[in-house]
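This report concerns only the one structure given below.
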Amino acid sequence: MTSRYSRDINKCVRCGRCKTLCPTYAAAPSEMTGARGRLRLLQGLFEGKYLPTRQLNQHINSCILCGACNRSCPLGIDLMEALYHGKAVLKRSDRRGALLRSLTKMSVAWPDMAYKAARMGQRSVFPALVRMGIIPALPELPESPLRMTEQVFKTQMKKKGRVAVFTGCSINYIFPHLGESLIHVLNRLFYEVILPKGETCCGSPFRGLGMEDEAVRQAKKNYEVFSRLKVDAILSLCPTCTMTLKYEYPKMIGKGLDKAMDISTFFIDKLDHTDMIQKKAIFHDPCHLSFGLGVSTEPREIIKRAGVELVGPAQSGCCGFGGLFCMSNKELSVEMLRERKATIETSAADTVITSCPGCIMQLSRTVTDRPVIHLIELIEDAFYFRGEEQGLLF
């Protein structure tokens, strides 16, 4: 297995193109914090030239796994898969990450119990952990998750089709109102919506921690649940989940969920122009949306159709969230967030729009002078007038 990754890495001609988009290299310029440097370290590890030291762990785990290097490599080297394999090889020597791996494993094994414990501690334990810098600030957890058991939401008119929703952990437990917005919009478009029983974590957090066996188990469970559904699409409000279902499962278990897609790709030909919201907004590109799924024009087109003027740069930088990265690499994460905040503050935007719940959590830590919303909220407000009853988000 390791020899296969080593052969792939040996194709590298050290051109350095992978560093041009690497957000950790931009935040802390050093060969070892860039994609090319990490590739050289992995090559040495796989060939037995380097031992799995604490310093090597730090360099490899400083990658935020955004996928920019994969997208930019002219030779098509799969740097992400090499990094995942490197993390799996280094896992036993990474003592600093042992607690985080244990907590992740327990949370995924008993998600409802973990959710209830988090609810109990969000006003007492969590604030202390945030002050100590152990965890990032989290929004207040809702009274109940989105997905309770298998749920089917029927349309009142003759249905046009059927869509499955992969809620993902963050939407299910932290932002269930976003899932409700997606269901509402799909029903208004005459799609029946199903939240199937048996969904589990997509597995991405496990891969990021080098826990490949656990990630494969999650992939097999989700594939079994979603592959048997007769649906037109599998939608998720988290681009990391979508990317994992569609493009990483084939690498993990030999088969993926081809019907998985981002909401902007699904909605782009289903929404007409409207002047409902005449405001200015800046769009923040989630890394796994732009680099992982190759989606960037569709959300911007939908925003323009809503009557919103886009301001700011054509392509945004990484916010520094990266799932568990913001906990294991706090200084790098804060530096990337600082740069992103500066871009937003100097823009004329009334609102920040993104398509990732993780980016919403990260950006909301420092962007407090204007709303940070998910694209689905704009779609619901602008095209289906929820704002008439509840007040527009803008």
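The values are calculated or read from the model by the stated rules, or taken from the named source; none is laboratory data. Everything quoted here is computed from the prediction, not taken from an experiment. Quick reminder, even Gly has a Cβ in these numbers, built from the backbone with ideal geometry, and neighbours come from all protein chains shown.
Screening the candidates V216, V225, V185 for the property of being within 30 Å of R95 (Cα to Cα), assigned to a helix (DSSP H, G or I) and either modelled with pLDDT of 95 or more or among the charged types (D, E, K, R) (or both) yields one hit, V216. Looking only at residues of the range 180-220 that are of a type in the set (D, E) and within 25 Å of F267 (Cα to Cα), we find that the one that is surrounded by the most Cβ atoms within 10 Å (Cβ to Cβ) is E199.
Among the conditions (1) among the aliphatic types (A, V, I, L, M); (2) assigned to a helix (DSSP H, G or I); (3) out of contact with any strand residue (DSSP E or B) (no Cβ under 9 Å at 6 or more places or on another chain), M243 misses just one, which is (3). Restricting the search to helices (runs of 4 or more DSSP H) fully inside the range 12-87 and requiring at least 1 residues that are among the small types (G, A, S), free of Cβ contacts under 8 Å to residues at least 60 places away in the same chain and surrounded by 20 or more Cβ atoms within 10 Å (Cβ to Cβ) gives 35-46. M361 passes every criterion in (1) closer than 29 Å to K270 by Cα; (2) free of Cβ contacts under 8 Å to residues at least 24 places away in the same chain apart from (2).
Inside the range 316-375, residues that are assigned to a helix (DSSP H, G or I) and acidic (D, E) make up a count of 4. Could you tell me whether any residue of the range 89-108 is in a helix (DSSP H, G or I), at pLDDT 90 or above and loosely packed, with under 14 Cβ neighbours inside 10 Å? Yes, some residue in the range 89-108 is in a helix (DSSP H, G or I), at pLDDT 90 or above and loosely packed, with under 14 Cβ neighbours inside 10 Å.
Evaluation of S264 against the conditions (1) at pLDDT 95 or above; (2) closer than 22 Å to I360 by Cα; (3) part of a loop (DSSP other than H, G, I, E, B) shows that the sole unmet condition is (3). The C-beta contact set for the range 242-267 (first residue in contact (Cβ under 8 Å) with a residue 60 or more places away in the chain, second residue part of a strand (DSSP E or B) and acidic (D, E), distance under 7 angstrom, 6+ apart or interchain) comprises T242/D262. Between R38, R96, R71, R92, the distinction of being of a type outside the set (D, E) and more than 24 Å from the chain's Cα centre (by Cα) belongs to R92 only. Checked against the criteria, K154 counts as exposed (fewer than 14 other Cβ atoms within 10 Å of the Cβ), in contact with a helix residue (DSSP H, G or I) (Cβ under 9 Å, 6 or more places away or on another chain) and modelled with pLDDT of 75 or more. Within the range 156-208, take every residue that is among the aromatic types (F, W, Y) and in contact (Cβ under 8 Å) with a residue 60 or more places away in the chain and give me the one that is farthest from G86 (Cα to Cα). The residue in question is F175.
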